[in-house]
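> Dropping the structure in here first, questions after.
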Amino acid sequence: MSPMLPKSITELGVDDFINAGLSPVEANQFKELLLSLSLSSGDDPAHTWRRIVSRRVLKPSYPHPLHQLIYYTIYSNHHSSPTPPLYWFPSIEQARHTNLGRLMEAHGSELLGASSYKDPITSFPLFHKFSVQHPEVYWSLVLKELPISFVEPPSCILDTSSNPSKHGGTWLPGSVLNIADCCLQPSSHPNKPDDGIAIVWRDEGFDDSEVNRITLKQLRQQVMLVANAIDANFSKGDAIAIDMQMTVNAVIIYLAIVLAGCVVVSIADSFAPKEIATRLRVSDAKGIFTQDFIARGSKKFPLYSRVIEAAACKVIVLPVTGNDVGVKLRERDVSWNSFLSSGKQHPRSHNYSPIYHSIDSVTNILFSSGTTGDPKAIPWTQLSPIRCAADGWAFVDTQPGDVYCWPTNLGWVMGPTLMYSCFLSGATLALYHGSPLGHGFGKFVQDASVTILGTVPSLVKTWKSTKCMEGLDWTKIKTFCSTGETSNVDDDLWLSSKSYYKPIIECCGGTELSSSYIMGSRLQPQAFGAFSTASMTTDLVILDENGVPYPDDVPCVGEAGLFPVYLGATDRLLNADHEEIYFKGMPLYKGKILRRHGDIIKRTVGGYFVVQGRADDTMNLGGIKTSSVEIERVCDRADERVLETAAVSVAPANAGPEQLVILVVLKNGYKSDAETLKKIFSKAIQTNLNPLFKISLVKIVPTFPRTASNKLLRRVLRDQMKHELSVHSRL
């Protein structure tokens, strides 16, 4: 649906609502509700939208075209505004009950001055600035909020003097702990009782069965049982891989490896043998946990056979169903039951004394999703879980009593992030053992009473286009989250509407940061597909083409540069030059070299951020710099037949200006041709972006190439189209 509509909100009538999918009775009732709000076409659009949402006029059960009609009508003239249209607004009462709001209410007057502190919403920008200027103070407060138990406390929060080679200083020097032990121990603050539910889960195909539950005490016992088995089979410090679906057993294994003083090697269950072998080699893994098969509905796909093609080390194999593995094992490999039995030789197998390490000891090796050469091996120390859990605490507002679900995998950064965010905040981790693409997953979200649901944009696009979530009740969700790709406004409109327009907290960061450097916040109004703030203690600048930082708070577009004083960020890579990748060639800022991240971001009027893609996804069209994402946003909404687009620029073989190519994936059951879409896209781009931008070619394709973490590979598309345009020019 086009955002350019001829009518104002007060001019919409019953026929419009019927055309949007309501029955005549519903349409008349809806019209009466709108009239009761006494709306005026001259009202501020954000005020009008806020009144409609606060009165819950738009029900989750209403057809999506009605939600589109109301939202795009209200914001019909907003395309000319420099600020993004807002859809969610915090109240003072809500803000005071958030984790960060409580912290500000308790300490804001003391830290900012009694005359400066007002309330968590008004004073949030001031408090954020304080956290950037005084990170030691902020982190000392947050560490008291999380159940971080030091065997040896740190000598200070941040030491910037002892190791000049560390650009960001040394965090929590001298401290000793075991972060897995912190996850497993009950505590009264935050509320984390032994009989509290730690994990809920359901197997795909059992959609009408009860949701399974395990208490914190039961989880701790299971982890200790596995830790004893690890002791019997491996040595302290060994790297041990996990290549499994993110099941309850996978989480137990992860925690047990860390508890036993070993290092988790994260491998996604989608990888081919070659990719598995690379990660095992780079990490020098001594063993690997896997499953015999991967279950997807009624089908099973081989996993063990892929792993043994790659692994010379010992493989511990779990059955995807039942108690016995469904494949013949190599002589050196062991079944899950046999492995557990090896640990039961201990007289008290449900007890285990954690192995304590220094704060900078490695607990997890994760990998970038690189497509050429070896992927970067990124070590997570014990600082990393603290950072990702603290950001979840502050921005996602993860609290005791929450049920947090995010379909992901321990092979990707969101797997460990989700796990630590739950166990270090007292929330319940919700796991669906199967595909998140269909109704079964959505029913689990409903039945498990999920309150926080994480997504990636392509997943939301699938839910919306297939209509697989119709008839489900997601109204217990208080917060959505999104990361991994740039969000589509209309897809986010659909998602947020499923819970009466609760906020979608956008997160943008990286494995090497253990966190997001820009996020949404429940203390600020939110706009679809936009970020409202840098994360706490994060000092962010936007660099111009010459590497010079733009002034703070000035609307601009450029590459993001991060101040290196950043708790949780890596200071090493296992197989690459950390200094060269993140710092070489970066400018000085406040006396320190900025840390490279590689995102192109746009800062709007009002201080919102919009990610424009990676630095290598920018293009120069007619002397004007723009981004793939900016063009894709316009094209995605230009025609209802379009599922998604990818915009790339191609430099001609014989030199000359870059040529803009749009690749298109159509929705199932829809047809079109490239020339028709070229006209539609051209008009949309020239109307909404720049009249000088010209499209050289539109090509319809069945799918886009993606990394295993689902990121769009524009570079691959660019190379393909360069070849195609070259052939075309010779004909």
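> Give the residues of region 92-117 that are over 21 Å from Pro400 (Cα atoms), in a loop (DSSP other than H, G, I, E, B) and of a type in the set (S, T, N, Q), sorted by residue number.
Ser115, Ser116 - these are the residues of region 92-117 that are over 21 Å from Pro400 (Cα atoms), in a loop (DSSP other than H, G, I, E, B) and of a type in the set (S, T, N, Q).
> Can you confirm whether Pro120 is outside any loop (DSSP other than H, G, I, E, B) and either of a type outside the set (D, E, K, R) or free of Cβ contacts under 8 Å to residues at least 24 places away in the same chain (or both)?
no
> Would you say Val25 is touching a residue at least 24 places away in the same chain (Cβ under 8 Å) and in a helix (DSSP H, G or I)?
Taking the combined requirement at face value, the residue does not satisfy it.
> Name the residues in region 509-528 that are crowded, with 22+ Cβ neighbours inside 10 Å and among the small types (Gly, Ala, Ser), would you?
Matches in region 509-528: Gly509, Ser514, Ser515, Ser516, Gly520, Ser521, Ala527.
> Please name all residue pairs, on different chains or six or more residues apart, with Cβ atoms under 8 Å, provided the first residue is in region 235-257 and is in the same structural domain as Ile294 (by TED's automatic domain parsing) and the second residue is among the acidic types (Asp, Glu).
Listed pairs, sorted by first residue: Ala239/Asp284; Asp243/Asp269; Met244/Asp269; Gln245/Asp269.
> Restricting attention to region 531-550, report how many residues are surrounded by fewer than 24 Cβ atoms within 10 Å (Cβ to Cβ), out of contact with any helix residue (DSSP H, G or I) (no Cβ under 8 Å at 6 or more places or on another chain) and outside any strand (DSSP E or B).
6
> Out of all the residues in region 104-136, which are out of contact with any Asp or Glu (no Cβ under 7 Å at 6 or more places or on another chain), of a type in the set (A, V, I, L, M) and crowded, with 16+ Cβ neighbours inside 10 Å?
Met104, Leu111, Leu112, Ile121, Leu126
> Could you tell me whether Arg387 is among the basic types (Lys, Arg) and modelled with pLDDT of 95 or more?
yes
> Let me ask something else. Any residue at all in region 457-474 that is in the same structural domain as Asp397 (by TED's automatic domain parsing), touching a residue at least 60 places away in the same chain (Cβ under 8 Å), within 24 Å of Thr533 (Cα to Cα) and of a type in the set (D, E, K, R)?
Checked region 457-474: no residue is in the same structural domain as Asp397 (by TED's automatic domain parsing), touching a residue at least 60 places away in the same chain (Cβ under 8 Å), within 24 Å of Thr533 (Cα to Cα) and of a type in the set (D, E, K, R).
> If you go through region 167-187 one residue at a time, how many are surrounded by 15 or more Cβ atoms within 10 Å (Cβ to Cβ) and under 13 Å from Asp360 (Cβ atoms)?
10
> Let me ask you something else. Do any strands (runs of 3 or more DSSP E) entirely within region 565-643 hold 3 or more residues that are more than 27 Å from Trp380 (Cα to Cα) and in contact (Cβ under 8 Å) with a residue 40 or more places away in the chain, and if so, which?
Fully inside region 565-643 and qualifying: 609-614, 624-627.
> Are any of the residues in region 366-381 assigned to a strand (DSSP E or B), more than 19 Å from the chain's Cα centre (by Cα) and more than 25 Å from Asn178 (Cα to Cα)?
Looking through region 366-381, none of the residues is assigned to a strand (DSSP E or B), more than 19 Å from the chain's Cα centre (by Cα) and more than 25 Å from Asn178 (Cα to Cα).
> I'd like the residue in region 410-429 that is within 18 Å of Cys507 (Cβ to Cβ) and small (Gly, Ala, Ser) and, out of all such residues, is surrounded by the fewest Cβ atoms within 10 Å (Cβ to Cβ).
Gly415
> Taking into account only those residues within region 137-156 that are β-branched (Val, Ile, Thr) and surrounded by fewer than 18 Cβ atoms within 10 Å (Cβ to Cβ), which is farthest from Trp393 (Cα to Cα)?
Filtering region 137-156 for residues that are β-branched (Val, Ile, Thr) and surrounded by fewer than 18 Cβ atoms within 10 Å (Cβ to Cβ), the one farthest from Trp393 (Cα to Cα) comes out as Val151.
> If I filter region 684-701 down to residues being in contact (Cβ under 8 Å) with a residue 12 or more places away in the chain and in contact with a Phe, Trp or Tyr (Cβ under 9 Å, 6 or more places away or on another chain), which single residue comes out as surrounded by the fewest Cβ atoms within 10 Å (Cβ to Cβ)?
Ile695
> Go through the residues of region 74-91 one by one and say whether even a single one is within 26 Å of Phe127 (Cα to Cα) and without any contact (Cβ under 8 Å) to a residue 12 or more places away in the chain.
Among the residues of region 74-91, at least one is within 26 Å of Phe127 (Cα to Cα) and without any contact (Cβ under 8 Å) to a residue 12 or more places away in the chain, which makes the answer yes.
> Quick check on region 132-152: of everything there that is hydrophobic (A, V, I, L, M, F, W, C) and touching a residue at least 60 places away in the same chain (Cβ under 8 Å), which residue is nearest to Ala389 (Cα to Cα)?
This residue is Leu146.
> Right, another one. Being on the phi > 0 side of the Ramachandran plot and touching a strand residue (DSSP E or B) at 6+ places or on another chain (Cβ under 7 Å) is true for just one of Gly607, Gly585, Gly591, Gly598. Which residue is that?
It is Gly598.
> Kindly provide the set of residues from region 285-303 that are of a type in the set (Lys, Arg) and more than 22 Å from Val334 (Cβ to Cβ), ordered by number.
Result: Arg296, Lys299.
> Just to be sure I understand, how many residues within region 193-218 are free of Cβ contacts under 8 Å to residues at least 60 places away in the same chain and in contact with a Gly (Cβ under 8 Å, 6 or more places away or on another chain)?
Total meeting the criteria: 2.
> Filter region 488-505 down to the residues that are polar (S, T, N, Q) and not in a loop (DSSP other than H, G, I, E, B), then identify the one that is nearest to the chain's Cα centre (by Cα).
For region 488-505, the residue satisfying everything is Ser496.
> Let me ask something additional. Please return the ranges of helices (runs of 4 or more DSSP H) entirely within region 386-487 where 1 or more residues are closer than 25 Å to Asp194 by Cα and among the aromatic types (Phe, Trp, Tyr).
Correct list: 414-423, 439-447.
> Could I ask something else about it? How about region 607-623: which of its residues are surrounded by fewer than 19 Cβ atoms within 10 Å (Cβ to Cβ) and closer than 15 Å to Met519 by Cα?
Passing the criteria: only Gly607.
> Taking the condition among the small types (Gly, Ala, Ser), touching a helix residue (DSSP H, G or I) at 6+ places or on another chain (Cβ under 9 Å), closer than 24 Å to Gly561 by Cβ and at pLDDT below 95, does Ser131 pass?
no
The values are calculated or read from the model by the stated rules, or taken from the named source; none is laboratory data. Because the structure is a prediction, the values reported are computed rather than measured. Here the Cβ is made from the backbone with ideal geometry for all residues, glycine too, and neighbour counts use every protein chain on show.
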